[in-house]
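To keep things clear, I will list the structure first and then write my remarks on it.
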Amino acid sequence: MRCKLLSTAVLAMVLLNACSRPATTEQQSVDTEGSKVQAAMQEGKDYHSFANPDEIKVTHLVLDLTVDFSQKVLSGKVEVEFERVKENARHLILDTRELDIHSVSNNGQAIPFVLKAADSFLGAPLIIDLPPEIDKLTIAYTTSPKASGLQWLSPAQTAGKQQPFLFTQAQAIHARSFIPLQDSPQVRVTYEATIRTPQALLAVMSASNDPQTARDGVYEFSMPQPIPAYLIALAVGDLQFKAMGERTGVYAEPALLDAAAAEFEDTESMLIATEKMYGPYRWDRYDLLILPPSFPFGGMENPRLSFITPTVIAGDKSLVSLIAHELAHSWSGNTVTNATWRDLWLNEGFTTYLTYRIMQEVYGDERFAMESVLGQQDLQADIDSLPDNDEILAIDLRGRDPDVVFSNIPYEKGALFLKELEQKVGRANFDAFLLNYFEHFAFKSISTEEFIAYLEQTLLKEHADSLSKARIQQWIFEPGIPEGAPVAESDAFTVVDDARNAWLAGTLPAAQIDSSEWVVHQWLYFLNNMPDELSQEQLAELDGEFMLTMSKNNEIAHSWLLMAVNNWYQPAFTRLHEYLVAIGRNKLVKPLYKALSQTPEGKTFAQKAFAEAKPGYHPLTVKANEGFVQ
Ligand code: BES
Ligand code: ZN
C-alpha cells in the first residue's frame, strides 16, 4: 500500500469507509436452516468498481498523455472534474489498476491520497482526501508496461513491419489500467485529450477524429457526448484514412486500407438503414479502425470509431455482420448503456437483435435467416454446456471477473427474447417501442429493473393480451430458453442438411456434392453440424475435395480446425499452428486451445503454439487461454 501526505487519523477513517464493495458483497445472513446465504443483490449496484459516484460524480476528463513505445507506458496527467452529489462528501474514490500515481494536486497544491492494496481483478481504489471547495484536480501518473487494457506491438507484429502499434481495450473493467477514473458504466463523462506520439504515427480516439490532421505527433481530441469509461479508447500506429461514405470511413495500416474499405463499403448503407428503423445516429461520424490480428475481440464499439479485427476481411463481405453489430451499439450500448456488468444483456442482446435487423435490411431475408439459425445454434451450444446460473440474462456476477464469464447468453438469448416480443406485438409496434426506448433513455445508463419497469409501462400495457409479466421474468431471471421461444429457420440450409446427411450415409461422395453456389454461411452450417466423430478417411475426403485446411475464410478455417483437433486429423496441424500464432481473437482461438487441452498430445501441441504466440498475444488472450496449456 502506498500512502502520501495523509494524516494517520484521516487514513484510518478512509480505510474504514472505502471499498464498501467487499463489506456489502460479502455480507452474509443466516437462513431458516441456519446456513449462510449471500445477501440479496442490490439492483443497479456496480460490484466491479470501488468508485463512489453516489457521493461524488466525475463529469469530465482532460487527458494529456505521452505514448512511450520504448518503455511501453503512457505517462502524463489527467484533470478530473467532478460534482458533489452529497454536499459533505469528503473523499473521491477512483478505480486504478497497476498505475503509478505520482501526485494529486489542485492548482499546484498537493492533495492527500492513498492507493489501497489491489484486489486480484478489480485493481486498487485511489482514495483522495478532498478539500471542501474544489471541483477539479489533476493526477500525474504512469501506466504499467503490463497494463491489462493496453497492447503494445513491436513493428514485426504489424502489417507494415516498420512502426510499432498501441491500442486500448477498456471493456469491461480495463479503463482503470490506463486512466485513474470512476470505472463504472453508470458514470458518464465527456473528455478532451492531447496525445503525444512519435512523429511518424497517427493517434485516433473514440472522439472527434480529423482525417486531415497534420501528422506532427501531437493530436487533440474531444468527446462532447457523455460516455462511460469502458468506451474511452485510443490507438496509435502507422494509420491512414480512406472515406467510404459521407459519414463513414476506415483507418488502417496502408497495406490493409484498400481491402478494408472495399470489404466494409456498405457501412454507410447500414448506418442509413439503422437510422430509418431506430432514430438518428447521435455521434456525428462513424469510422472503423482496423487493428492488428492480435485484437482479442471481433469488434469493439468505441464511439465514433469502432475497433475491428482484420480477421473479418474475407474478400466477399461474408463476415460484415460484425460491422452491423458494432454500429448497432451506437444505439444499444453507447446511447443507452448497461448500468452494471450484470446488465450486459441490455447492451449485447439489443445489439444482436438490431444486427439481425440491419443485415436483413441491407442484405435481404435469406442472409437474415441464415445468420439467425447460426446464432441460435451458438446459443444452444452454450445452453448445453453452461451451468444454470450462467444462463440467466441478468447474471449474478458478484465476486467474479467479467472477462471470465463471457458467453453467447447475453447476446443470443437476449436477442431471442426481443424477437419473441417482436413476434407477439408485431414488427411495426416493436420498432416503435425500440425507437422510443432509445429516445427515452438516451445518454443514460440503466439497470435490468429499469428496463422492466419501462417495458411494463409501455409495451406490456399496450399489449396486455399477448404479453405477460411472468413470461418476461422467465426470460430475464431463469436459465435455459423458455419453451415456445421463436425458432430460426433457413431454406438455404435444407440443401446443406441433405448433402451432409447423404454424405454421412455414404450415398453421396464429397465430389458429387453440388456446393458450387454455397455461401460462407452454408459452409459454416455444413461443418458445424457434423457429428463429433469422423474417420480419418472422411476428413481427408472433405479436405481433398473442398481444400478446407487452406480456407482463407477465418470462420470456416476455425470450424474445420476444430473438427481436425477433435478427430486428431494431422494434415491440418501445420495450418492449425500458424492460425494460433497469427490470430489473437479469442472467439477463434479459445475453442481450439480448449479442444487441444483435452488430450495429452493435444496439450503438448497447444503448449508449443502458445509459447510461440504469447509474445504477440493481448493480455486478455493470454488470460483466457493460459489455463489450457498448464
Ligand atoms: N462490446 C463487445 C465486446 C466486449 C463485450 C468486450 C464484453 C468486453 C466485454 C463487442 O461489441 C462484441 O460483442 N464483439 C463481438 C462481436 C460479435 C458478437 C459480432 C466479438 O468480439 O466477437
Ligand atoms: Zn457487442
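The values are calculated or read from the model by the stated rules, or taken from the named source; none is laboratory data. On a predicted model such as this, the values are computed, not experimentally measured, just so you know. Every residue, glycine as well, gets a Cβ built from its backbone with ideal geometry; the counts of neighbours run over all protein chains shown. With ligands, DNA and RNA removed, areas are computed over all heavy atoms of the protein, side chains included. Shrake-Rupley method; radii C 1.70, N 1.55, O 1.52, S 1.80 Å.
Structural remarks
- Percentage of interatomic Cα-Cα distances in region 312-439 larger than 23 Å: 33
- Along the axis of the charge dipole computed for region 216-297 (Cβ charges of +1 for Lys and Arg, -1 for Asp and Glu, origin at the Cα centre), the listed residues Y281, Q240, T267 are led at the positive end by Y281.
- Vicinal HN-Hα couplings computed from phi for region 321-330 (Karplus, 6.51 cos²θ - 1.76 cosθ + 1.60; Hz; Gly/Pro x): 4, 4, 5, 4, 5, 5, 5, 4, 4, 4
- Equivalent ellipsoid semi-axes, the chain, via Cα gyration tensor eigenvalues times 5, rooted, Å: 40, 30, 25
- This model, with +1 at the C-beta of Lys and Arg and -1 at the C-beta of Asp and Glu, gives the chain a dipole about its Cα centre of some 2120 debye.
- Its Cα centre serving as origin, region 228-381 has a Cβ charge dipole (Lys and Arg +1, Asp and Glu -1) of approximately 400 debye.
- Accessible area per residue, Å², region 236-374 with all protein chains present, probe 1.4 Å: 24
- Most to least accessible of K116, K161, K608, K136 (protein chains only, probe 1.4 Å): K608, K161, K136, K116
- Degrees between helix 254-263 axis and first principal axis of the chain (Cα, 0 to 90, nearest 10): 60
- The charge dipole of region 288-372, taken about its Cα centre with unit charges on the Cβ atoms of Lys, Arg (+1), Asp and Glu (-1) only, comes to about 200 debye.
- Longest exposed-site-free window of the chain, the sites being chymotrypsin sites (Phe, Trp or Tyr not before Pro) in a DSSP loop that have at most 15 other C-beta atoms within 10 Å: 1-442
- Set of lysines with alpha-carbon distance to K136 below 21 Å, sequence-local pairs under 8 removed: K4, K57, K77, K86
- Counting only protein heavy atoms and using a 1.4 Å probe, the accessible area of I409 comes to about 0 Å².
- A233 long-range amide H proximity, modeled H, under 5 Å: S206
- Projected over all directions and averaged, the alpha-carbon convex hull of region 107-256 occupies 11.1 nm².
- Report summary: the helix-based calculation at 222 nm, which adds -39500 (n - 2.57) for every DSSP H run with n ≥ 4 and divides by the residues of the chain, gives -11000 deg cm²/dmol.
- Binned Cα-Cα distances of region 450-603, short to long, each 10 Å bin given as a whole percent: 9, 30, 23, 18, 14, 7, 0
- Carbon and sulfur %, accessible surface of region 464-555 computed with the full protein complex present, 1.4 Å: 48
- Of K276/K419; K146/K242; K413/K461, those spanning more than 26 Å from alpha-carbon to alpha-carbon: K146/K242
- Computed over region 361-495, the alpha-carbon pair-distance distribution with 10 angstrom bins reads 10, 36, 37, 16, 1, each value a whole percent.
- Applying 1/(1 + (r/R0)^6) with R0 = 25 Å to the Cβ-Cβ distance of E601 and A505 gives a FRET efficiency near 0.20.
- Set K161/K614; K552/K603; K444/K469 screened for pairs whose C-alpha atoms are more than 21 Å apart: K552/K603; K444/K469
- Amide H to amide H, with H built 1.01 Å from N, R97 comes under 5 Å of A124, S177, counting only residues 5 or more places away or on other chains.
- Treating each Cα of region 431-538 as one equal point scatterer and applying the Debye formula with no solvent, the log10 of I(q)/I(0) at q = 0.14, 0.15 Å⁻¹ comes out as -0.76, -0.79.
- Acute angle (nearest 10 degrees) that the helix 427-440 long axis makes with the longest principal axis of the chain, alpha-carbon atoms: 20
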